Amino acid sequence: MRHDGLSGALPLRPLTAAELLDSAVWLLRGRATVLLPAAAVLAGAEQLLLPAFDWAAQDPLTLTDWLRQCAGVGWGAFSIAVLGGVAARAAGAAVVGARLPDRAPAHRPVARAAGVSALAVLIGAGCAVAAFFTPLVWLPVYALLGLVVPVFVVDRVGPLRALGRGLALATRSTTKTGTTRPSSAY
């Protein structure tokens, strides 16, 4: 797959798992100056947040430990959504063959950053609440909500419309974000 910035780095066809990973690494290399510091801040915040549950726990099998697990799932989904907002901007540019400047801010308008943050909180809270009820329910919830932030950033629609479109994309053809079904377009 060509990643020269002159042609679309992400072809407009279904990609194989190897092509998806290749494109993800290419996008990470291109936006590392933004993605890696943001990921470090989010990981550091998680390391400060989750031990707060340990201070409240008296017994290893208390509700507090369960809440800690749910908070970890929610924070992970929130972090992925925030980083997805940054990566989606670069991916959108790559589809049309453009390359973002290295110092391009992740989201120029404050409204876009606020929208990404609000959607990331919604996704994180949804996954945390789902994880509270049973350990594996959060996975389909994340599979349904995983495309909301990229739709918001790439399509430049409002948060509610991004939520609807992200759900529609995720449920089209058996929840694409939650499966690794091979592409039929070889």
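The values are calculated or read from the model by the stated rules, or taken from the named source; none is laboratory data. Since this is a predicted model, take the numbers as computed values, not measurements. Quick reminder, even Gly has a Cβ in these numbers, built from the backbone with ideal geometry, and neighbours come from all protein chains shown. With ligands, DNA and RNA removed, areas are computed over all heavy atoms of the protein, side chains included. Shrake-Rupley method; radii C 1.70, N 1.55, O 1.52, S 1.80 Å.
At a glance:
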item: Residue check for Ala9: on the phi < 0 side of the Ramachandran plot, crowded, with 16+ Cβ neighbours inside 10 Å, touching a His at 6+ places or on another chain (Cβ under 7 Å) and at pLDDT below 65; result: yes
item: Yes/no for Ala143 being part of a helix (DSSP H, G or I) and surrounded by fewer than 23 Cβ atoms within 10 Å (Cβ to Cβ); result: yes
item: Selection within the range 18-48 - in contact (Cβ under 8 Å) with a residue 40 or more places away in the chain, open to solvent by 60 Å² or more (accessible area, probe 1.4 Å) and more than 17 Å from the chain's Cα centre (by Cα); result: Thr33
item: Lone qualifier among Ala111, Ala118 - being modelled with pLDDT of 90 or more and among the aliphatic types (A, V, I, L, M); result: Ala118
item: Of residues in the range 12-35 being in contact with a helix residue (DSSP H, G or I) (Cβ under 8 Å, 6 or more places away or on another chain) and more than 12 Å from Ala90 (Cα to Cα), the one modelled with the highest pLDDT; result: Leu15
